[in-house]
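The values are calculated or read from the model by the stated rules, or taken from the named source; none is laboratory data. Model, not experiment: these values are computed from the prediction. Heads up, the Cβs are rebuilt from the backbone with ideal geometry, glycines too, and the neighbour counts pull from every protein chain shown.
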Amino acid sequence: MLRATLAGLKARTARLLLSSVAIALGVAFVTGTLVLGDAMTASLQEQFTKADRNIDVSITPARNGDSGAKPLTDEQLAAVRKVPGVSGAEPRLTVAVPIIGSDGKARMATGIAASSEHKLLPVDLKEGRFPERDSEVTVDQRTARVNDLKIGQQVEVLGKKDDQRKKFTVVGTYDRGIAMNQSFLYDQLMFMPNVLQSLIPDDAGGSGYSEIVAAAQSGVSQDQLAGEIRDALGSGVQVKTGQQAVADTMERVEKQSGGFTMFMLTFAVIALVVAAMVIYNTFTILIAQRTRELALLRCVGADRGQLFRSVLVEAVAMGLFASALGFVGGLGLSAGLQALLNAAGEGGGRVLLPVTPTTVLAALGVGVLVTVAAAVLPARRATTVAPIAALRSQPDSHDEVARTGKLRIATVVLLALAGAGALLLGGRVGQQAGVVIAGVGTMFLLAAVVALGPIIVGPLNRMLGALPGAVLGVPARLASANAGRNPKRTAATTAALMIGVTIVTLVTVVAASGKQSANDSVDRQMPADFQVSSMMYDRPLPADLPGKLAGAAGVDKAVPAATVYGQVGGKGSDFEQIDGVRGDGFGSVVRPKVTQGDLGKLGAGTVALDENKAQALNAKVGDTVPLKAEEGQPQQFRVVAIYSGKELPAAMVDLGSIQRIKPDAKAFDRVLVKLRQGVGAADGKAAVDKALSGLPTAQVVTAAEVKEQINKGVDSMLQFVWALIGMAVVIALFGIANTLSLSVLERTRESALLRALGFTRGQLRLMLLVESVLMALMGAVIGVALGTGFAWALLSMISGEEIAISLVMPFGQIGAMLLAALVAAIIAAVAPARRAARTSVVSAMATE
């Protein structure tokens, strides 16, 4: 029996090859994801632990309740250096230090402190040396590359104030790794410690260090030194050994990279599910085509168990071959993704291909298990037909079909009820839990539609095939008849594509809706033509800036504004946004919809409340409500207006009241600029830029620029998801090509008969092309409908009083997706159609 099975495999190699590609693609996705995840973990561990690899003890500020952590002081540094067993101790400090570009504008950068103990530095020297004088600076490799800096050149940075500029000579470059999450995306420079302290603005909240690191003398253990330092410093600090610091860092890195790996594996699982459907369909067709062969084996003595095991052996062989192919492809996929990520990060990264036993076992195991699982039902079906009935090729009885139909309908009803119940439950609970529950409900509903497939493909096929039949004539009508002659096979073929299109549509519609919601929010929050702010909070805008901007050509108003966060309604309330705007800004640059009262009455001691907040407080015009910042005392304000709208602050006050609520708040943190009627945006921007000359940290933002930035971010995310789910779509298209190829073999005599009756080769090719297009359209149309419905359900759960997201249909993107499916279906049909057209009529008529 084994020899017969292996001989059959050899005879059907070509038929199984295309199906193997489907599994290989899924395995490649899994392998590539696991290897990429391991590579990211190794790379991130190397980069993050670089900061702690040579230290023996790390001292950081301990959090003190709500007041946060206070920076470490020079006194604490001196105390650490005096501890017995310390061979050296150095402070670590990160300061925002803007670089001045050739255009005179500032570019965000961070500065770190140099050290005489080079081994304690969180970086590796690559070229030149570290700074030794106050006029010297060493820059990291990325900063040197982006700014085209070389050793010996000078770099200009801002001092304590914007009008203080200092020049430093570059004396070396280093590889910084990733020591601090908040700074690795920015340029970085290393200064002498005293110089770095002198660059901290007065408004930054004082000096100090974020960490002190120490090295132990020979013979002193890390635990021993940590205990001595802990005793010397007392409370208010957190002391860790170097080993603890590295272990904590590696744990954080593994969580971060593990989350990314799980995200990627989600799409890999989708691809494998689609591949399993292709394999299931393939074995179903092959078993149907081999009915007489299997029955003959039964007649010569093979029992049902042997037939069952024979089919599973074929599945194991196919799974092993596909897994090996997919494993090699996965290594290439991981290398390609790493190269793309390195290029996106401006180069400099290495391509790592760590292959662990877990990855190898996962690749082989997943490929074989998915293939075998997909072949179980077809294998079981092969054993249920009586030998004599199979030799006669008799169709299933009506009773069996009826029983199958009843079971299918019962399954559909149960899955649909479970899915609908989960969606309803998800809508009643909180947003995060609701989305998870709704996701489970979505999977149930998707499974229900897959189970319902054989019932709905018939009517859908007739509807979609009507137009091609009317335009293209007999070949198209025959194509529609072929697509509908075996509903189960057609449904299984189209279901794979349907799943991919459903997810693509879901993500695309949600992204388009979210993008539109974000753009609407920007329009509401930025009614002014321009918003001027400082790129750094600790470098506030000058007090005379509103006056300068108001006097600029073409400017109608320049209104200062500020935002603080505080409790609206007294102790126990959540901290919410409170906006302060100069009085003349209400009604011009700030225009909420007023439902009660008058915004024009806002002044000292008065407040306007958001409608939802007013309802929560049961407050109305004329009532008094307390406003309190975290550091301040409750201040009583009289309500003079109530406004409505989404994503607006909980309260609005006159600008002068901001410092009453929060005494240490900036007088203003932005200026809202409105142009005169008829002044163009370009002319207005030029006038504003001119008024900002000499203010390198001032930045001008328009609503259009903010929306463009949002749209770019959403589009990038969308393209990333499209690329991930694209693997499942490609596998589904392989499934269509595979089904057509097997159908061409199955219908060899039928095709020959059509040729004998007058069909041309072109008409035969056209028939198969239309059949492929109809199957792709069925999957795509159902997928678009499901994806849109799921998107609507998801958006309904996300939307609430605070966030309003309306359904937006990106018809252009969906149309492009349908067109791409049509083109791909035509491409998938080319090889089978060519084979059918080239087959000799005489030899085909003689085929069994």
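Could you pull out the residue among Glu136, Glu117 that is surrounded by 15 or more Cβ atoms within 10 Å (Cβ to Cβ), in contact (Cβ under 8 Å) with a residue 12 or more places away in the chain and within 21 Å of Glu211 (Cβ to Cβ)? Of the residues listed, the single one that is surrounded by 15 or more Cβ atoms within 10 Å (Cβ to Cβ), in contact (Cβ under 8 Å) with a residue 12 or more places away in the chain and within 21 Å of Glu211 (Cβ to Cβ) is Glu117. Of all the listed residues (Ala780, Ala723), the sole one being free of Cβ contacts under 8 Å to residues at least 12 places away in the same chain and not assigned by TED's automatic domain parsing to the domain that holds Lys160 is Ala723. Residue count for segment 660-714 under the criterion of being more than 14 Å from Ala552 (Cβ to Cβ), touching a residue at least 60 places away in the same chain (Cβ under 8 Å) and charged (D, E, K, R): the result is 5. The one condition from (1) part of a helix (DSSP H, G or I); (2) surrounded by fewer than 20 Cβ atoms within 10 Å (Cβ to Cβ); (3) modelled with pLDDT under 85 that Leu320 does not meet is (3). Is it the case, given these coordinates, that Lys571 is more than 30 Å from the chain's Cα centre (by Cα), over 30 Å from Glu630 (Cβ atoms), surrounded by fewer than 23 Cβ atoms within 10 Å (Cβ to Cβ) and among the charged types (D, E, K, R)? No.
Quick check on my filter: what residues within segment 673-697 are touching a Pro at 6+ places or on another chain (Cβ under 9 Å) and within 23 Å of Arg107 (Cα to Cα)? Result: Leu695, Pro696, Thr697. Evaluation of Leu352 against the conditions (1) surrounded by 15 or more Cβ atoms within 10 Å (Cβ to Cβ); (2) modelled with pLDDT of 80 or more shows that the sole unmet condition is (2).
Residues that are of a type in the set (Lys, Arg) and touching a strand residue (DSSP E or B) at 6+ places or on another chain (Cβ under 7 Å) were ranked within segment 85-115; the one that is farthest from Pro193 (Cα to Cα) is Arg107.
Quick check: is even one residue across segment 807-827 small (Gly, Ala, Ser), surrounded by fewer than 21 Cβ atoms within 10 Å (Cβ to Cβ), modelled with pLDDT under 90 and not in a helix (DSSP H, G or I)? Among the residues of segment 807-827, not one is small (Gly, Ala, Ser), surrounded by fewer than 21 Cβ atoms within 10 Å (Cβ to Cβ), modelled with pLDDT under 90 and not in a helix (DSSP H, G or I), which makes the answer no.
Screening the candidates Val621, Val640 for the property of being out of contact with any Lys or Arg (no Cβ under 8 Å at 6 or more places or on another chain), outside any helix (DSSP H, G or I) and without any contact (Cβ under 8 Å) to a residue 60 or more places away in the chain yields one hit, Val621. Has segment 260-269 got any residue that is within 25 Å of Ala113 (Cβ to Cβ) and surrounded by fewer than 17 Cβ atoms within 10 Å (Cβ to Cβ)? No, segment 260-269 has no match at all. Exactly one residue among Val57, Val137 is in contact with a Pro (Cβ under 9 Å, 6 or more places away or on another chain) and modelled with pLDDT of 90 or more, and that residue is Val137. Tell me which residues, restricted to segment 523-562, are under 32 Å from the mean Cα position of the chain (by Cα) and more than 16 Å from Gln699 (Cβ to Cβ). Of everything in segment 523-562, those that are under 32 Å from the mean Cα position of the chain (by Cα) and more than 16 Å from Gln699 (Cβ to Cβ) turn out to be Asp523, Arg524, Gln525, Pro527. Filtering segment 267-326 to residues that are closer than 30 Å to Leu497 by Cβ and of a type in the set (Gly, Ala, Ser) leaves Ala268, Ala271, Ala275, Ala276, Ala288, Ala315, Ala317, Gly319, Ala322, Ser323, Ala324, Gly326. Among the residues of segment 336-346, none qualifies, meaning not one is touching a helix residue (DSSP H, G or I) at 6+ places or on another chain (Cβ under 6 Å) and modelled with pLDDT of 80 or more. Residues being outside the structural domain of Ala785 (by TED's automatic domain parsing) and part of a helix (DSSP H, G or I) are represented in segment 526-545 by at least one member. Taken together, Ala492, Ala483, Ala511, Ala466 contain a single residue that is part of a helix (DSSP H, G or I) and free of Cβ contacts under 8 Å to residues at least 24 places away in the same chain, which is Ala466.
The residues on offer are Ala295, Ala276, Ala288, and the sole one that is of a type in the set (A, V, I, L, M), assigned to a helix (DSSP H, G or I) and over 28 Å from Ala728 (Cβ atoms) is Ala295.
Of the listed requirements (1) closer than 13 Å to Ile578 by Cα; (2) crowded, with 16+ Cβ neighbours inside 10 Å, Val594 misses just one: (1).
Selection of segment 60-91 for residues being modelled with pLDDT under 85 and assigned to a strand (DSSP E or B) yields Arg63, Ala69.
Residues in segment 690-722 that are hydrophobic (A, V, I, L, M, F, W, C) and exposed (fewer than 12 other Cβ atoms within 10 Å of the Cβ): how many? Total satisfying the criteria: 1. Residues of segment 742-749 include at least one that is assigned to a helix (DSSP H, G or I), β-branched (Val, Ile, Thr) and closer than 26 Å to Leu467 by Cα.
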